[in-house]
Amino acid sequence: MDLKDYIRSIPDYPKKGILFRDITTLIKNEKAFVHCINQIVERSKNFKFNKVAAVESRGFVFASAVSYITNKPFILLRKKNKLPAETHSVDFELEYGKATIEVHKDSINNEDNVLIIDDLIATGGTAEAAAKLIKISKGNVAGFIFVINLFDLGGCDKLLKQDYKIENLIEFPGH
């Protein structure tokens, strides 16, 4: 099954010049979604990890299913002011704006190897922020799995230069 067949491309969203890769068409198809999750679980075997993390919100869809199947705790990396207890925060740049993500201070400790799962990597700002949150929490970044790599936007290259291990299921140009 070619997962690319289940990704919708929307030009000029959320702003002019962005070609948005929409995963909702993949997750609404039960066979494509199951295939996708099975592929992520299979690739997760290439990592040594004891926790799974994802950035709000589309990453939650994939990471929670992988967490369930692999029987590993799931850590929420959420937008600013969405977590009720004490948090660590990281500000970062997106391709089309700025954002802040947070994690509960008691979610990760120095014995944790955290696998970060997200739907897509573009410029790498969100992934770098997620890695910083894991490190601030005294955890180790086991690596990253992305459903989609927008290869010409350089996010994976940026992470590889920092010696992070990366897997992705499919690739598209970002423009």
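Can residue 168 be described as touching an Asp or Glu at 6+ places or on another chain (Cβ under 7 Å), at pLDDT 95 or above, assigned to a strand (DSSP E or B) and not aromatic (Phe, Trp, Tyr)? So residue 168 fails the test.
Just to be sure, is residue 125 under 15 Å from the mean Cα position of the chain (by Cα) and more than 20 Å from residue 34 (Cα to Cα)? Here the answer is yes, as residue 125 does meet what is asked. Counting the residues of region 27-81 that are of a type in the set (Lys, Arg) and farther than 17 Å from residue 108 by Cβ gives 7. Scanning region 1-24 for residues that are farther than 20 Å from residue 38 by Cβ, not in a strand (DSSP E or B) and not acidic (Asp, Glu) yields 13, 14, 15, 16, 17, 18.
Taking region 84-98 as the range and being modelled with pLDDT of 95 or more and crowded, with 16+ Cβ neighbours inside 10 Å as the test, the residues that pass are 87, 88, 90. Filtering 101, 108 for residues that are buried (at least 17 other Cβ atoms within 10 Å of the Cβ) and closer than 19 Å to residue 164 by Cα leaves a single hit, 108. The residue pairs whose first member lies in region 36-53 and is in contact (Cβ under 8 Å) with a residue 60 or more places away in the chain and closer than 11 Å to residue 66 by Cα, whose second member is surrounded by fewer than 20 Cβ atoms within 10 Å (Cβ to Cβ) and of a type in the set (Lys, Arg), and whose beta carbons are closer than 6 Å, counting only pairs six or more residues apart or on different chains, are 51/72; 52/72.
The values are calculated or read from the model by the stated rules, or taken from the named source; none is laboratory data. Predicted model, so just to flag it, every value in this text is computed and none were measured. So basically every Cβ, Gly included, is an ideal-geometry build from the backbone, and we count neighbours across all protein chains shown.
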